[in-house]
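Inspection log for the structure reproduced underneath, given as structure tokens.
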Amino acid sequence: MTDTLAPQTYRVTRADLIRYAGASGDFNVIHWSDRLATTVGLPGVIAHGMFTMALVGRAVTTWAGAPDAVVEFSVRFSRPVPVPDTDQGTQVEVSGVVKEVTEDGLIRIAITATCGGEKVLSMASATVRKR
């Protein structure tokens, strides 16, 4: 493992949101209707917060080498991830830096997730077991 979680970019499209809604059961209209999303003050359709969190989790488990290496994982949602109705959708970039390695082999990582140059999560962190 390195001392940084190198930037990983994930493309998010409306088709991804449809698949996630079906898998999660979250069919909130802000995740599929521009008309209704804008009526509640959003810029348009946005990604599910838990979908964004899952992308970050994917980056962490890839870096750690195995899903069971993750001991703790937390985020706060600070900004929505708008997903335009295009084939390209949008991109979420995830990166991180090791903040601490404990004597018992735990690695604490501060994580950054951005979309369109804006941070979409705050206080994102993970603790992984050193392999």
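Mean-square fluctuation check for the chain, GNM, Cα pairs under 10 Å: which of Ser74, Ser33, Ser95 is largest? With Cα springs under 10 Å in the chain, the top fluctuation among Ser74, Ser33, Ser95 is at Ser33. Once the Cα-Cα distance is subtracted from the 0.36 nm per residue extended length, the Asp104 to Ser122 segment shows a gain of 3.8 nm. GluC sites (Glu not before Pro) within the range 39-131: which are DSSP loop residues with at most 15 other Cβ atoms inside 10 Å? Sites meeting the loop and neighbour criteria: Glu103. Based on DSSP H segments of at least four residues, each scored -39500 (n - 2.57), the chain has a per-residue ellipticity at 222 nm of -7500 deg cm²/dmol. Given the alternatives (1) 24, 19, 12; (2) 30, 14, 12; (3) 32, 14, 13, semi-axes √(5λ) of the Cα gyration tensor in Å as computed for this entry is given by (2). Between the residues Pro82, Ile107, Pro67, the greatest Cα displacement towards the positive end of the dipole of the range 61-131, with unit charges on the Cβ of Lys, Arg, Asp and Glu, is found for Ile107.
Which of the trypsin sites (Lys or Arg not before Pro) across the range 1-100 are loop residues per DSSP, with 10 or fewer other Cβ within 10 Å?
Passing sites in the range 1-100 do not exist.
Quick note: the coordinates plus some simple rules give every number you see, no bench work behind them. Model, not experiment: these values are computed from the prediction. Reconstructed Cβ throughout: ideal geometry from the backbone, glycine too, with neighbour counts over all protein chains shown.
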